[in-house]
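Below: one structure, written as C-alpha cells.
The values are calculated or read from the model by the stated rules, or taken from the named source; none is laboratory data. Quick caveat: nothing in here was measured; it's all calculated off a predicted structure. Neighbour counts are summed over all protein chains in view; Cβ atoms, including those assigned to glycine, are modelled from backbone coordinates with ideal geometry. Accessible surface is based on the protein model in full, side chains and every heavy atom, while ligands, DNA and RNA are left aside. Shrake-Rupley method; radii C 1.70, N 1.55, O 1.52, S 1.80 Å.
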Amino acid sequence: MSPELKKIVRKVAIAAGDELKGKLPPHPAHPKGRNSYAHIFERIKSKMGGRSYADCEDWEVNRILDIIEYYTKNPC
C-alpha cells in the first residue's frame with residue numbers, strides 16, 4: 001500500500017479506536033478491559049486474510065475502510 005493510503009487508513013483506524021474506548025463488551029481473556037485500537041487492527045487483519053492493512057494493495061483501501069466503519073458501529 002502506498003504511504004499516503006497507509007496514513008489515511010491508520011488515521012481512520014485510530015479514530016475508530018478512540019470511539020470504541022469503553023464500548024467493547026467484556027471478555028474473560030481481558031480482565032483489565034479490552035484495547036479498542038488493537039481490536040480494530042486485529043479485525044482488519046482477520047478480514048484481510050491475515051495481512052495487516054500495510055501489507056494490502058491500494059485497491060483494497062475501500063474494503064478496509066468499510067471494515068473499520070462496520071466494527072465501529074457494531075462493537076463485538
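Laid out as a table, the results:
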| quantity | calculated |
| --- | --- |
| Residue with peak Gaussian network fluctuation, the chain [Cα springs, cutoff 10 Å], from Lys47, Lys32, Lys11 | Lys32 |
| Rounded percent of accessible protein surface that carbon and sulfur make up, segment 9-65, 1.4 Å probe | 53 percent |
| Long-range lysine pairs (8 or more apart or interchain), the chain, Cα under 24 Å | 25 |
| Estimated FRET transfer efficiency when R0 is 22 angstrom, pair Asp66-Ile14 (beta carbons, to 0.05) | 0.80 |
| Heavy-atom accessible area per residue - the chain, 1.4 Å, Å² | 67 Å² |
| Net dipole in debye of the chain [+1 Lys, Arg Cβ; -1 Asp, Glu Cβ; about Cα centre; nearest 20] | 360 debye |
| Per DSSP, loop GluC sites (Glu not before Pro) in segment 17-64 with at most 15 further Cβ within 10 Å | Glu57 |
| Per-residue SASA entry for Ile67, accessible area with 1.4 Å probe, Å² rounded to 10 | 20 Å² |
| Nonlocal amide H pairs with Cys56, under 5 Å, H built at 1.01 Å | none |
| Cα-only Debye scattering, the chain: base-10 log of I(q)/I(0) at q = 0.11, 0.15 Å⁻¹ | -0.26, -0.48 |
| Dipole axis of the chain (+1 Lys, Arg; -1 Asp, Glu on Cβ), positive-most option in Ser52, Tyr71, Ala29 | Ala29 |
| Fully extended contour minus Cα-Cα distance, from Ser52 to Lys21, at 0.36 nm per residue | 9.0 nm |
| Degrees separating the helix 3-20 axis from the principal Cα axis of the chain, which is the longest one | 20 degrees |
| In Hz, Karplus ³J(HN,Hα) per residue of segment 54-65 (6.51, -1.76, 1.60; θ = phi - 60°; x = Gly, Pro) | 5, 8, 7, 8, 4, 5, 8, 4, 4, 5, 5, 5 |
| Computed helical MRE - 222 nm, the chain, DSSP H runs ≥ 4 contributing -39500 (n - 2.57), nearest 500 | -18500 deg cm²/dmol |
